[in-house]
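The values are calculated or read from the model by the stated rules, or taken from the named source; none is laboratory data. It should be emphasised that the depicted structure is a prediction, and the values quoted were computed from it without experimental measurement. Cβ: placed from backbone, ideal geometry, glycine included. Neighbour counts: every protein chain shown.
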Amino acid sequence: MKNKYLLICGIIASLLYIATDIFLASQFKGYSYIDQTISELSAIGASTRPLWIAMTFLFNPLLIAFGMGIWRKALQRRSLRITGVLISIWGVTGFVWLLFPMNMRGAIGSTTDTMHLVMAAITVSLMMLFIGIGSGAKGNRFRFYSIITILAMLVFGAWTGTQASRVAAQLPTPGLGLIERVSVYSPMLWIFVLAIIFLRPEKSIIKQN
């Protein structure tokens, strides 16, 4: 497969995830895009769970392919090759997520709920790692953008975490959906931007050691 197509997979993956989230939120009766978390769309018993699972079987392979594209495009640039490998690992871990869905509000407390949180911590750490390592792909502007992305993930992710007990207790969580989506969409958009960078002529990418 031509490397260009592998890189385009990053663009498709980012858009697919965000579009699926928005679409399923509109299809889930009683669900609030503003006040509820993304994980509730794939929760046990959620009407949107089958479609969310179907999306992951497209999204994860696209991420793996994109990571391969980054690895191939990077040539001898070690930091970018590591970035590509980590992105592909992210794609692989996406299938592990399917083993640990959260329960619906008011029923949280099982082992799968605990492991869901563990997977979230692992995934966020992995994302911050490949964003940090890949931040030098295109000079200081992209590096600054990468730092902003990491900060958004940390601040809004931590903010989301403070509301976990309210979700478990089936209490109102005003604005939680938007707060979490900032932390989740940030790395998706970073992937989109990185794909655009690598699809440009080779001279636009700074050589890394």
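See the values below:
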read-out: Of all residues making up the range 74-89, the number that are of a type outside the set (Ser, Thr, Tyr) and touching a residue at least 40 places away in the same chain (Cβ under 8 Å); value: 7
read-out: Selection status of residue 191, in a helix (DSSP H, G or I), surrounded by fewer than 20 Cβ atoms within 10 Å (Cβ to Cβ) and under 16 Å from the mean Cα position of the chain (by Cα); value: no
read-out: Given (1) assigned to a helix (DSSP H, G or I); (2) crowded, with 17+ Cβ neighbours inside 10 Å, index of the condition residue 173 fails; value: (1)
read-out: Complete set of residues in the range 69-128 that are under 20 Å from residue 149 (Cα atoms), of a type in the set (Gly, Ala, Ser) and over 18 Å from the mean Cα position of the chain (by Cα); value: 79
read-out: Residue match in the range 161-173 (condition: under 23 Å from residue 62 (Cβ atoms), touching a residue at least 12 places away in the same chain (Cβ under 8 Å) and among the β-branched types (Val, Ile, Thr)); value: no
read-out: Among (1) at pLDDT 95 or above; (2) more than 17 Å from residue 40 (Cα to Cα) - the single one residue 207 does not satisfy; value: (1)
read-out: Selected residue [crowded, with 17+ Cβ neighbours inside 10 Å, out of contact with any strand residue (DSSP E or B) (no Cβ under 9 Å at 6 or more places or on another chain) and under 20 Å from residue 190 (Cβ atoms)] from 105, 81; value: 81
read-out: Residues being surrounded by 13 or more Cβ atoms within 10 Å (Cβ to Cβ) and in a helix (DSSP H, G or I) - total across the range 24-39; value: 4
read-out: Pair list, Cβ under 6 Å, 6 or more apart: the range 175-187 residue touching a residue at least 12 places away in the same chain (Cβ under 8 Å), other residue crowded, with 20+ Cβ neighbours inside 10 Å and not hydrophobic (A, V, I, L, M, F, W, C); value: 177/36; 179/160; 180/37; 180/160; 183/157; 186/149
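To keep it simple, each residue is scored yes or no on (1) at pLDDT 95 or above; (2) small (Gly, Ala, Ser).
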position	(1), (2)
63	yes, no
84	yes, yes
91	yes, yes
105	no, no
110	no, yes
118	no, no
146	yes, yes
